[in-house]
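The values are calculated or read from the model by the stated rules, or taken from the named source; none is laboratory data. Nothing here was measured: the structure is a model prediction, and the numbers come from that model. Backbone-built Cβ (ideal geometry, glycine too); neighbour counts: all protein chains shown.
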Amino acid sequence: MSDLATAAPPLTHLSEEETMFRDAVREFAQTEVAPHVHAMDAAGKFNADIIPRFFELGLMGIEIPERFGGAGGSMFLAVLAIEELARVDASAAIYVDVHNTLFNNALLRWGGSEQHERYCPRLTTELLGAFALSEPASGSDAFALETKAEDKGDHWELTGRKFWITNGAEAGLFIIFANTDFTKGYKGITAFLVEREFPGFAVGKKEDKLGIRASSTTELILEACRVPKANVLGPVGQGYKIAIETLNEGRIGIGAQMIGVASGALAAATAYVQERKQFGKAIAEFQGVQFQLAQMATDLEAARLMVYNAARLKDAGMPFAREAAMAKLFSSQVADRVTSQSLELFGGYGYSKEYPAEKYYRDAKIGTIYEGTSNMQLQTIAKLLLKG
Ligand SMILES: Cc1cc2nc3c(=O)[nH]c(=O)nc-3n(C[C@H](O)[C@H](O)[C@H](O)COP(=O)(O)OP(=O)(O)OC[C@H]3O[C@@H](n4cnc5c(N)ncnc54)[C@H](O)[C@@H]3O)c2cc1C
């Protein structure tokens with residue numbers, strides 16, 4: 001092997017540590033999550049026993065340093081965990097995704113050492129995180145947020161509403177973005193670490209959704225919520241930067257969720273077409289069906305390469321914002337196509353809730369919406385392209 005080949009292994013080549021980690025998550029997903037997926041989807045509620053297992057298995061502090069009880073691992077390991085969980089259940093994947101790629105990443109990067117000491121040990125063992133930027137009137141235009149933060153001398157007081165907050169029903173700690181000075185526009189936006197028990201904080205309505213039904217998505221209500229001064233995350237007025245940079249990383253996680261969903265749908269269709277007989281033979285024997293499977297596998301391979309590359313760029317400390325936006329855009333398009341094709345390959349059975357295809361199809365749709373819609377990814381990519 002040449003030096004170059006040693007220095008740059010193929011993107012999809014996993015190290016021994018990565019292989020062991022991936023296999024452990026795969027085993028967990030199959031034995032402990034899969035049996036509950038259908039019931040959780042029907043009920044629109046995640047099985048409460050599974051979240052503690054995420055913590056016990058070390059899936060909730062993948063990039064948190066070992067001294068705080070984390071795994072001291074890479075973004076790439078987070079991608080592997082999210083992908084494997086999403087192959088079985090996209091809702092399970094998003095609990096782990098938001099906690100690691102949004103919450104933990106923002107806290108590690110922007111939090112002070114006292115905040116790290118105070119929260120990291122709990123975030124690796126029992127405390128679930130959530131990331132609250134969106135509001136009823138501000139989604140794509142996130143920095144038009146209306147939640148206000150008033151300086152009350154020894155504490156801040158937050159008032160407003162957050163909408164669409166993933167993990168909202170179960171989380172104990174929230175990163176909440178509020179504006180400390182509307183006259184400064186987006187430069188007034190500040191991030192706060194808000195505990196569920198803080199006075200004036202309440203979790204509101206839970207959404208009944210098309211897909212990722214078992215993942216909780218809730219409203220948050222802040223009525224003069226009292227937040228200690230020590231719970232400002234990063235500098236006052238830098239919340240917009242924290243949001244943008246955290247979401248750049250988060251998008252790689254959504255990419256991982258989407259390749260997991262597509263991969264689960266492809267595996268289900270591949271098995272089904274070999275069992276289902278029409279015209280006296282397995283439908284897998286028809287070239288038309290084979291070509292459809294081949295196209296799905298090719299799309300998935302391209303999406304996976306993009307997601308893995310974005311994660312490896314991030315881990316190498318190289319610029320990755322463009323690649324992350326492209327990976328999120330493309331993998332969600334691929335998941336949309338692959339799950340739709342998978343459903344069609346199941347024929348009428350694909351339309352029934354007794355088979356897995358329709359759930360993959362519903363779960364895929366969210367990838368084009370959260371952490372920036374597809375249009376917002378295109379806007380980011382175009383901006384970077386035109387900047388040269
Ligand atoms: C299940 C779920 C979970 C979520 N979890 C979270 C969470 O944990 N935390 C959080 O903060 N938010 C979360 N969100 C919110 C999510 O990020 C927003 O829904 C998303 O950013 C889109 O915002 P919007 O819904 O207001 O749509 P809008 O911004 O109103 O967009 C509507 C349409 O207009 C298009 N559009 C808007 N502006 C432009 C433009 N300038 N150019 C071209 N097209 C444009 C969009 O692409 C889209 O197609 C979640 C949403 C869902 C559905």
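Of all residues in segment 84-133, those that are away from the ligand (no atom under 16 Å from the Cβ) and of a type outside the set (A, V, I, L, M) total 19. Residues that are outside any helix (DSSP H, G or I) and more than 10 Å from Ala325 (Cβ to Cβ) were ranked within segment 372-388; the one that is nearest to the ligand (Cβ to nearest atom) is Thr373.
Selection over segment 188-236 of residues that are assigned to a loop (DSSP other than H, G, I, E, B) and closer than 30 Å to Arg87 by Cβ gives a count of 10. For segment 218-227, the set of residues classified as surrounded by fewer than 22 Cβ atoms within 10 Å (Cβ to Cβ) and within 16 Å of the ligand (Cβ to nearest atom) consists of Glu219, Ile221, listed by residue number. Cβ-Cβ contacts under 8 Å between residues 6 or more apart (or on different chains), taken from a first residue in segment 147-167 that is away from the ligand (no atom under 12 Å from the Cβ) to a second residue that is aromatic (Phe, Trp, Tyr) and part of a strand (DSSP E or B), are listed as Ala149/Trp156; Ala149/Phe192; Glu150/Trp156; Trp156/Phe192; Leu158/Phe192. With the condition kept exactly as written, say whether any residue in segment 367-381 is touching a residue at least 40 places away in the same chain (Cβ under 8 Å), of a type in the set (A, V, I, L, M) and closer than 30 Å to Ala42 by Cα. Within segment 367-381, none of the residues are touching a residue at least 40 places away in the same chain (Cβ under 8 Å), of a type in the set (A, V, I, L, M) and closer than 30 Å to Ala42 by Cα. Do you know which of the residues in segment 192-217 that are away from the ligand (no atom under 16 Å from the Cβ) and among the small types (Gly, Ala, Ser) is nearest to Asp363 (Cα to Cα)? Top of the filtered list is Ala202.
Is at least one residue of segment 30-38 charged (D, E, K, R), modelled with pLDDT of 95 or more and in a helix (DSSP H, G or I)? Looking for residues that are charged (D, E, K, R), modelled with pLDDT of 95 or more and in a helix (DSSP H, G or I), one finds at least one in segment 30-38, hence yes.
Evaluated against (1) outside any helix (DSSP H, G or I); (2) more than 23 Å from Val307 (Cα to Cα), Ala71 falls short on exactly one condition, (2).
Here is a yes/no grid of residues against (1) surrounded by fewer than 20 Cβ atoms within 10 Å (Cβ to Cβ); (2) of a type outside the set (S, T, N, Q); (3) on the phi > 0 side of the Ramachandran plot:
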site	(1), (2), (3)
Thr19	yes, no, no
Arg22	yes, yes, no
Ala48	yes, yes, no
Leu59	no, yes, no
Ile62	no, yes, no
Gly72	yes, yes, yes
Ile82	no, yes, no
Ala93	no, yes, no
Asn100	no, no, no
